[in-house]
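Any read-out appearing in this document is the output of simple, stated calculations on the displayed coordinates, not a laboratory observation. Treat the numbers as computed from the prediction; the structure is a model and nothing was measured. Note that we place each Cβ from the backbone using ideal geometry, even for glycine, and neighbour counts take in every protein chain shown.
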Amino acid sequence: MKKLCLVAALALMIGCGEDESPSNNANNTSSNNGQTTETNNSTTNNGDSGVDNSGITYQDSYQLIFDTMAFDEDSLAKSLNGLLAQNFDQSLEFPIIVLVDLKSIDPDGGTLEIRGGSGLKTETDGEYIWDPEGDDSYDAGTLGSANGRVEGVLQTLNFVATLVTETGTTKMPIPIRQLEFSGNMQLSEDGSTGSIANGRMSGYLTKEDGDAAQVVIVPGGTPISITDLFKEDKLNYDSASGELVAAGEGDSWLLNASFTAKPVVIVE
């Protein structure tokens, strides 16, 4: 019987990993949907971050892994938060693995490049590789050197769900569009590593992509599409105009979530 990695039911910035050896920004969802972001982003603004990197020298790049994630209270995916909380344990066979690479960091110019996506375990604990079926592109971002504020919009982010069958595994991409990424990165005392305690993200999943992505909510259960999970009458985002619309009148679902991230090693 087909069985989908539990956390593949996520419709926002979620990837399932498995043991294995080794742009330019467009209009973002927060600017087009200020009413949503203003409500959900109150704890991640610059003034409330509590991050102070003054006097610390930035490295050229930082690599991170999500260690928690939760959808907002008003999100269609809120019911998945319990599953999320159980599946960030990296000792699991199929944990949630979401990697972030910040590179080409210019603290004086306030710029950097961002890549995010699913990862896979390697044979070495604490080291990961990018899922080869994911998007390997980087997008432009901004950096506030004093408070570590990182912001950027990833044009397309393909996360890969892993279907486990009796004969092997099959991977299914879940494309997230216009993913806005933000948070304040706290550097270690020597500036060698960074972590994010107040991350926020917002992106949309189209109905077309939701029709194609199959998920299993109960292990061993019958797969259903993400469209069946999130419902057509709740499509609340118009991808052409980049605006929130009345439920059922859009072509996509807009989802918002918070996350935390810690240092990690990503090997090529």
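Tell me, what is the FRET efficiency for Q86 and S225 to the nearest 0.05, using R0 = 25 angstrom and their Cβ-Cβ distance as r? For R0 = 25 Å, the calculated efficiency reads 0.60. The Cβ shell under 9 Å around S239 holds other residues with a net charge of -1, Lys and Arg each +1, Asp and Glu each -1.
What the Cβ-Cβ distance of V267 and D190 gives, at R0 = 22 Å and to the nearest 0.05, is a FRET efficiency of 0.50. Among 230-241, 143-154, the peptide with the highest mean count of other Cβ atoms within 10 Å heads the list, and the full ranking is 143-154, 230-241.
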